[in-house]
1. Given the conditions (1) among the acidic types (Asp, Glu); (2) within 22 Å of residue 11 (Cβ to Cβ); (3) in contact with a helix residue (DSSP H, G or I) (Cβ under 8 Å, 6 or more places away or on another chain), report the number of the one that residue 52 does not fulfil.
2. Would it be correct to say that residue 47 is open to solvent by less than 30 Å² (accessible area, probe 1.4 Å), within 16 Å of ligand 1 (Cβ to nearest atom) and not in a loop (DSSP other than H, G, I, E, B)?
3. Scanning region 73-99 for residues that are open to solvent by 100 Å² or more (accessible area, probe 1.4 Å) and hydroxyl-bearing (Ser, Thr, Tyr), which turns out farthest from ligand 1 (Cβ to nearest atom)?
4. If you go through region 58-110 one residue at a time, how many are part of a loop (DSSP other than H, G, I, E, B) and either hydrophobic (A, V, I, L, M, F, W, C) or modelled with pLDDT under 95 (or both)?
5. Note down all Cβ pairs under 9 Å where the first residue falls in region 93-108 and is touching a residue at least 24 places away in the same chain (Cβ under 8 Å) and within 9 Å of ligand 2 (Cβ to nearest atom), the second is open to solvent by less than 40 Å² (accessible area, probe 1.4 Å) and assigned to a loop (DSSP other than H, G, I, E, B), and they're at least six residues apart or on different chains.
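The values are calculated or read from the model by the stated rules, or taken from the named source; none is laboratory data. As the structure is a computational prediction, the values presented were derived from the model and not from experiment. Ideal geometry is used to build each Cβ from the backbone, glycine not excepted, and the neighbour counts take in all protein chains shown. Heads up: the accessible areas ignore ligands, DNA and RNA and are worked out on the full protein's heavy atoms, side chains in. Shrake-Rupley method; radii C 1.70, N 1.55, O 1.52, S 1.80 Å.
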Amino acid sequence: MEDCLFCKIINGQIPSDCVYEDELVYAFNDIDAQAPVHFLIVPKEHIESADDLTKDNKDLIGHIYLVAQKLAKEKGLTNGYRIVNNCKDDGGQTVNHIHFHVLGGRSMQWPPG
Ligand code: 5GP
Ligand code: ZN
């Protein structure tokens, strides 16, 4: 999608610090890290939010969770980590291309603000 920040990151128009890429997803460090480890996993396909997923996306979302697990292992997050998907305005989504935050390296708090 032309005017999407994460589409531009995926196609290299905007530079990013890539941590993983395959045919379905791109993962890169968050520019404003909220934990010692904080990267984003995004599908290469432009899907706006979790609210826009369909049954066709079931395998993709499962794949994203397995990529999160693989990268968390590689980064040594043996004590756990958090996977966050903010959905639309009330969910705190600021970039309208679905993405999954993976945060680790410190103990997380609950509930979120
Ligand atoms: P959201 O608030 O939509 O759940 O998350 C968007 C995330 O994208 C934020 O954590 C923000 O720091 C990150 N972000 C926004 N612009 C850029 C950018 O240009 N590069 C990178 N690497 N991350 C970005
Ligand atoms: Zn996009």
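1. (3)
2. Here the answer is no, as residue 47 does not meet what is asked.
3. It comes out as 78.
4. Counting residues in region 58-110 that are part of a loop (DSSP other than H, G, I, E, B) and either hydrophobic (A, V, I, L, M, F, W, C) or modelled with pLDDT under 95 (or both) gives 6.
5. Correct list of pairs: 95/4; 96/4; 96/49; 97/4; 97/47; 97/49; 98/47; 98/49.
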